[in-house]
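The structure under discussion appears below in the form of structure tokens.
The values are calculated or read from the model by the stated rules, or taken from the named source; none is laboratory data. The structure presented is a predicted model; accordingly, all values stated were derived computationally and were not measured. Cβ placement follows ideal geometry from the backbone for every residue including glycine, while neighbour counts extend to all protein chains displayed. Please note that ligands, DNA and RNA were not included when accessible areas were found on the heavy atoms of the full protein model with its side chains. Shrake-Rupley method; radii C 1.70, N 1.55, O 1.52, S 1.80 Å.
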Amino acid sequence: MVHWSPFIQQFKKHRYPWIQLAGHQGNFRAGEQGTILKKLCSKEQKCLKILMSDILRPYVPEYIGEVEKDGENYIQMQDLLGEFESPCLMDCKLGVRTYLEDELQKARECPKLRKDMYQKMVEVDPNEPTEQERAQGAITKPRYMIWRETISSSATLGFRIEGIKKSDGSSSRDFKTTKTREQVTESFQYFTDKNKSVILKYCRRLKAIRATLEASPFFHKHELIGSSLLFVHDGTERSSVWMIDFGKSTQLPEGVTLDHRAEWEEGNREDGYLRGLDSLIDIFEQMLNGQNNNTT
């Protein structure tokens, strides 16, 4: 289950508000100038350390080290927004699923009925629960986890929009059922204001990320789950994209490799990361060329 909320934390010692789209509220705090602190996750820390010597380094936040603040341990990393003025941000979650196979298996081993997850389901689609689930007023976590991915573009395109924040401070995370290419394209047009220069820069950056991923030792050895691409641009048309959030990225066993595009079947660990990136690039290219896209 993914918890996402856009939030703004302002620190008077900085000349700009620090904005972070990805993660839980309270997971981040201000670091020294040009850095942010994120609550320590050993799995993410390990990934960032490896990435500092991988060819993907230009496309991820710079890992600076581990620090302790007020009795809590944090990862200190580059503030990706430091060079932008009143930026627009978009968080896209890559892959066909946002849960690890181990999480699914553990949830099945202890299949507790969850009224909270039932409520979240009916809020999105009142017709989805079965008669038995209605009678119980609850569903199991595995049921929710699998269903959650099917209602968004994660299942159809290999990625989904988690949230968008515009330069005026307005934000939206109402993308739970944004599923078709047409719906996603409309959201991207809203995010970019159809600015061809910004779209072109995003397109080039995404293609560079894809080419680097396909040659990256890190990517070949890891299953990327719950990882995002952070899109940032501002009024000067400065634009960039970074890979973020590696808290669920897992090193593969020796001898195991992933295609990152193949269909996921439980047990094969395919994450669909490149499938999602291919879809992103295709949509941005169609926006650049002014083509209409009304397919699913």
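Only one of ILE139, ILE146, ILE151, ILE164 is over 27 Å from ASP259 (Cβ atoms) and within 20 Å of the chain's Cα centre (by Cα). Can you tell me which? Checking each option against the conditions leaves just ILE164.
The numbered conditions (1) assigned to a loop (DSSP other than H, G, I, E, B); (2) in contact with a Lys or Arg (Cβ under 7 Å, 6 or more places away or on another chain); (3) modelled with pLDDT of 95 or more are all true for SER53 except (2). Residue pairs whose Cβ atoms lie under 7 Å apart, separated by 6 or more positions or on different chains, with the first residue in segment 139-166 and touching a residue at least 60 places away in the same chain (Cβ under 8 Å) and the second open to solvent by less than 10 Å² (accessible area, probe 1.4 Å) and of a type in the set (Asp, Glu), are GLU162/ASP91; GLY163/ASP91. For the criterion of being in contact with a strand residue (DSSP E or B) (Cβ under 8 Å, 6 or more places away or on another chain) and among the hydroxyl-bearing types (Ser, Thr, Tyr), THR178 passes.
For LEU280, are the conditions met, namely being in a helix (DSSP H, G or I) and either surrounded by 21 or more Cβ atoms within 10 Å (Cβ to Cβ) or of a type outside the set (Lys, Arg) (or both)? In short, yes.
What are the residues in segment 167-206 that are at pLDDT below 95 and among the basic types (Lys, Arg), if any? Residues satisfying the conditions are ARG173, LYS176, LYS179.
Can ASP102 be described as under 28 Å from the mean Cα position of the chain (by Cα) and under 30 Å from HIS222 (Cβ atoms)? Taking the combined requirement at face value, the residue satisfies it.
Name every residue in segment 89-118 that is open to solvent by 10 Å² or more (accessible area, probe 1.4 Å) and in a strand (DSSP E or B), in order of residue number. Correct list: LYS93, LEU113, ARG114. Output yes when any residue across segment 113-134 is under 30 Å from THR236 (Cα atoms) and of a type in the set (S, T, N, Q), and no when none is. No.
Tallying residues that are within 15 Å of SER154 (Cα to Cα) and small (Gly, Ala, Ser) within segment 171-186 yields 0. Could you check, for segment 129-140, whether at least one of its residues is closer than 17 Å to GLU265 by Cα, touching a strand residue (DSSP E or B) at 6+ places or on another chain (Cβ under 9 Å) and open to solvent by less than 20 Å² (accessible area, probe 1.4 Å)? There is no residue in segment 129-140 that is closer than 17 Å to GLU265 by Cα, touching a strand residue (DSSP E or B) at 6+ places or on another chain (Cβ under 9 Å) and open to solvent by less than 20 Å² (accessible area, probe 1.4 Å). Those residues that are over 23 Å from GLN76 (Cβ atoms), of a type in the set (A, V, I, L, M) and in contact (Cβ under 8 Å) with a residue 40 or more places away in the chain, I need them from segment 197-250; list them, please. Selection gives VAL198, ILE199, LEU200, LEU206, ALA208, ILE209, LEU213, ALA215, ILE225.
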